[in-house]
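Note sheet for the following structure.
What follows is calculated from the coordinates using simple rules that are stated; it is not laboratory data. Predicted model only: the values in this text are computed from it and were never measured. Virtual Cβ from ideal backbone geometry, glycine too; neighbours counted across all protein chains shown.
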Amino acid sequence: MDRASEVGDSTEVPTRDIWCCPACKAGLDHGAEFVDCRGCGQRYPVIGGVLDLRIDALCPFDLAEDRRRVTAFAKDVEGLDAAGIVRRIYGRRPGWSDDRIEFRTGQVMQFPDLLADEISGWLREIVFQDLPFLDLGSAHGMLLIAAAREGRIGVGVDLSLDWLLAAQRRILDEGGLPVLAAASGEALPLRDGAIGGVAGLDVIEHVSDVGKVLAEADRVLRPGGALVLTTPNRFSLVSEPHVFIWGVGWLPYRWQERYVKWRSGLSYGRTRLMSSWSLLRMVRDHTRLKARIHIPQVRAVHTRHSTLRDLLIPLYNGMAKHRFMRPVFLLCGPFFRLWAWKPAAVETCSRAASE
């Protein structure tokens, strides 16, 4: 019997019942165009079929203006396939050539394929639960889509409603059920204990308040569930992966944005890499979860297919397996995973993290 059969069919989960008001946590009454909070009376729009449960105070932009823009965008892309929506999103970026738009669109469309092994490997304890899992910062939904191919339901939460529209279209095309909401990680619109597992893949370095996001993940996670975070290491000896500049993380936080702007002209205001021990401390300070850090293996598909990098991958993976090298990789390895669990999941998550 496979894992999916053991935990039951997640498509039977009443997905509407998992949502709550992000402000007061009361239940919601669902309509075609709006959802209304039963507690504080707040009304939230439904745009292009996606719940918009964002709170103005937690958005780094004008929420009212963004809602007007996305409403127009949703009408503009109605009838397009997922690739078409992705092209429209990239096409609005200043200075992007047609070749660059096509290249990035192709990457986005291929990402779910790259996660197939991850779903059946180290992510299986997150995805294969009898409750939906949460993809925190789901963006264009690559993890949700990969899970949908396995018959699993994931809940996608992201601040960008544009990307959620693309994810919704792709999940539907894959025969899955899109369960999506535009919302902030600091105020998740999910009931206490409604989620079987939480995955935050390369997202924790982009949130404004790490402590609140971790506390919210703890709140929505059921007893026995697990949280996994992947993130680049602040003190990595390789270049910063978002801007490809060496040494960013070794500078004080207050200098990093100016340094990146000077070196590349790029913005760095929404990125704040963490060290392994600082993230571990944040989990301990803001949640009831038990946590550990894991040094993952590198797959060749994660590289730019450089001959030198391909030669170094086996060396890196071999060294990362040795216990005496663990302190070195925790300090200056390129990235790490954090596993955190509620007590009933200690055994299963420790096993998954060791793979």
*Within the chain, what is the number of lysine pairs with alpha carbons under 30 Å apart, leaving out pairs fewer than eight places apart on the same chain?*
9
*asked:* Quick one: the Cα spread of the chain along its three principal axes, in angstroms, biggest first?
replied: 56, 51, 39
*Which net charge results when you count Lys and Arg as +1 and Asp and Glu as -1 among the other residues whose beta-carbon is under 11 Å from that of ARG92?*
+2
*asked:* Suppose each label sits 7 Å from its Cα in the direction of the beta carbon; what would the TYR253-GLU33 distance come out to in nanometres?
replied: 4.3
*asked:* Let me make sure I get this right: for segment 254-303, a, b and c are the square roots of the gyration tensor eigenvalues over alpha carbons, sorted descending. Under 1.5 in a/c it's rounded, otherwise prolate if a/b > b/c, else oblate. Which is it?
replied: oblate
*asked:* What does the C-alpha gyration tensor say about the overall shape of segment 174-244? Classify as rounded when a/c is under 1.5, otherwise prolate if a/b is larger than b/c, or oblate.
replied: prolate
*In what sequence do ILE171, ILE55 fall when counting other Cβ within 10 Å, fewest first?*
ILE55, ILE171
*Rounded, prolate or oblate: pick one for segment 50-138, where a ≥ b ≥ c are the square roots of the eigenvalues of its C-alpha gyration tensor, a/c under 1.5 means rounded, and failing that, prolate if a/b is larger than b/c, else oblate.*
oblate
*Residues MET282, MET319, MET274 arranged by fewest to most Cβ contacts within 10 Å*: MET319, MET282, MET274
_Calculated FRET value between LEU331 and ARG288, using beta carbons and R₀ = 22 Å, to 0.05_ = 0.20
_From the P(r) of segment 127-267, could you give the percentage of C-alpha pairs in the tail past 17 Å?_
63
*asked:* Just to confirm a number: summing +1 for Lys and Arg and -1 for Asp and Glu over residues other than ASP81 whose beta-carbon lies under 13 angstrom from that of ASP81, what do you get?
replied: +1
